[in-house]
1. Here is the link list: K45/K145; K33/K77; K36/K156; K3/K55; K77/K156. Which ones come out longer than 23 Å on Cα distance?
2. Net charge within 12 Å of T115 by Cβ-Cβ distance, Lys/Arg positive one each and Asp/Glu negative one each, not counting T115 itself?
3. Tabulate in residue order the Karplus-calculated ³J(HN,Hα) for segment 10-18, using 6.51 cos²θ - 1.76 cosθ + 1.60 with θ = phi - 60°, rounded to whole Hz; enter x for Gly and Pro.
4. Using only helices, what value at 222 nm comes out for the chain when you add -39,500 (n - 2.57) per DSSP H run of length 4 or more and divide by the total residues, to the nearest 500 deg cm²/dmol?
5. Please list, in order along segment 149-154, the HN-Hα scalar couplings obtained from phi with the Karplus expression 6.51 cos²θ - 1.76 cosθ + 1.60 (θ = phi - 60°), rounded to whole Hz, x for Gly and Pro.
6. Over 30 Å apart: what share of the alpha carbon pairs of the chain falls there, rounded to a whole percent?
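We did not get these values from a lab; they are worked out from the coordinates using the rules stated. No experiment lies behind these values; they were computed from the predicted model shown. In this analysis, Cβ positions are derived from the backbone assuming ideal geometry, glycine residues included, and neighbour counts consider all displayed protein chains.
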Amino acid sequence: MNKSEIIIFLKSLYSYLESNTLSEIAGFCDYLKLSKGTELIQERKRHGYFYFITKGSVKSYYLHEGNEICTWFAFEKEMVSTIKTFEGLTSNETIELLEDSEFIRINTKAFKSLTETKASLSRLINELIIGHAIFLEELLYLQSKPGKVRYEILIKAEPQLLQRVSLTDLASFLGLSRETLSRIRSKT
């Protein structure tokens, strides 16, 4: 993907971004193709980039007593980062590719510098923060439900999870054992 294709992709996501702003962003972007299993961001490390998925998927997890606890999944046209790494801090989570994937990688420091002069980027950050807050609110709501209901709500909202996420990762995200999730799935 070249710079003009990056601009077209970003414009398709955020139509209100001005052409000159998109050109400036494209100046500090890279296009990456990475293999399944690659760790995009690592727990306990700082990371200077955020990403937009153009093809593929990722999971986010943290380790607890040696077990991966999945916290979210992301797919095409979604932004990938952690709030802490976006702020220059060490991450509490690891973001790993679930399949061979392609990304637009954006330098966070350069992007944040540009936000100081571009109002449309402040709007973009505001939309991303609100989207993240809504996700957290929905996650808390989901966690308050019994396991079977959590599964039904999630699959209704994100049916692609059944084809693109392992049963182990899906069970972890739902806070269930793999066996419990298998029983729930066999009854639906």
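1. With Cα atoms farther than 23 Å apart: K45/K145; K36/K156.
2. +2
3. Values, residue by residue: 5, 5, 5, 8, 9, 5, 7, 6, 5 Hz.
4. On the way: 9 runs with 88 residues, N = 188.
So the helix-based figure for the chain works out to -13500 deg cm²/dmol.
5. Each residue's phi maps through the Karplus curve to give 5, 4, 4, 4, 5, 5 Hz.
6. Details: 4124 of 17578 pairs.
Cα-Cα pairs of the chain separated by over 30 Å account for 23 percent.
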